[in-house]
Amino acid sequence: MRTGRRTTTTPGEAAAIVGICFGLPIVASLNAVASGFPSRPFSDSGLIWVVGTEIVFAFVALVVLWLRGYAVGTLLPLPTLKGCAQGVALFIAAWIAAVVLTLPFANEPEQPYVHMIDDARVTVPVIVVMAMVNGAFEEVFLLGFLLRGLRGFGLSIALGAMLLVRVLYHLYQGPVGAVWVLGVGLVFGLYFIRTNQLWPAVFAHVLWDIVPFIS
């Protein structure tokens, strides 16, 4: 067993961790597309299921990485007040970018994600817990592991791989929803490339998961 402190990854290892963390969500998302986007509003039970599976997936992925000599401690987001403020700014910037990217589709039919939120049967405590777990889970493995780990192959490849995975498991939200997610992911990715700070992106994602339900 190796105990090195590397933060880089290989395409094979990256694919394996993506499979562990996002394989099931990607399959479910593609199935939703193939099924014509069946209406499945968010519910407390559904969000709790997401929290539980993400905790399990994260544990398995981190154990695998640790056994392979990866510096898993570097994937831990470190909360700070300054980071929270930066997260708010990042949330606003990502929102603006997403709005701009989806403007050409303003006349498209109402998207699945709109019904999923409008018809949601969720409570605030469950939303908050889900947002905290989901925000950390996605950004730790998409930015902290995948984007950072593949930078040695070129920023365009690393950024492209991260965006591809992010969009694939959000396809269930509909075409416009996928474009929206692409805009958010692009802003998060560029911010992380520039600053190498994970917590602001995690905090922005937490806000992103909460605001649609309370707005």
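The values are calculated or read from the model by the stated rules, or taken from the named source; none is laboratory data. All of these numbers come straight from a predicted model, not from anything done at the bench. Cβ coordinates were reconstructed from backbone atoms using ideal geometry, including for glycine residues, and neighbour counts include every protein chain displayed.
Structure notes:
- Going through (1) surrounded by fewer than 15 Cβ atoms within 10 Å (Cβ to Cβ); (2) modelled with pLDDT of 95 or more one by one, R5 falls short only on (2).
- D118, sole failed condition from (1) surrounded by 17 or more Cβ atoms within 10 Å (Cβ to Cβ); (2) modelled with pLDDT under 95; (3) closer than 24 Å to I48 by Cβ: (1)
One line per residue, one yes/no per condition, for (1) of a type in the set (D, E); (2) under 20 Å from M130 (Cα atoms); (3) under 20 Å from the mean Cα position of the chain (by Cα):
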residue: G52; (1), (2), (3): no, yes, yes
residue: L65; (1), (2), (3): no, no, yes
residue: L76; (1), (2), (3): no, yes, yes
residue: T80; (1), (2), (3): no, no, no
residue: C84; (1), (2), (3): no, yes, yes
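- Listed by position, the helices (runs of 4 or more DSSP H) inside the range 106-215 whose residues that are within 13 Å of the chain's Cα centre (by Cα) and among the hydrophobic types (A, V, I, L, M, F, W, C) number at least 1 are 124-139, 155-168, 175-195, 199-214.
- Residue check for L142: surrounded by 14 or more Cβ atoms within 10 Å (Cβ to Cβ) and within 23 Å of F188 (Cα to Cα): yes
- Residue that is farther than 25 Å from R121 by Cα and in a helix (DSSP H, G or I), where the choices are I20, I26, I55, I48: I20
- Hits in the range 14-46 - residues which are closer than 23 Å to V72 by Cα and either aliphatic (A, V, I, L, M) or surrounded by fewer than 17 Cβ atoms within 10 Å (Cβ to Cβ) (or both): A14, A15, A16, I17, V18, G19, I20, G23, L24
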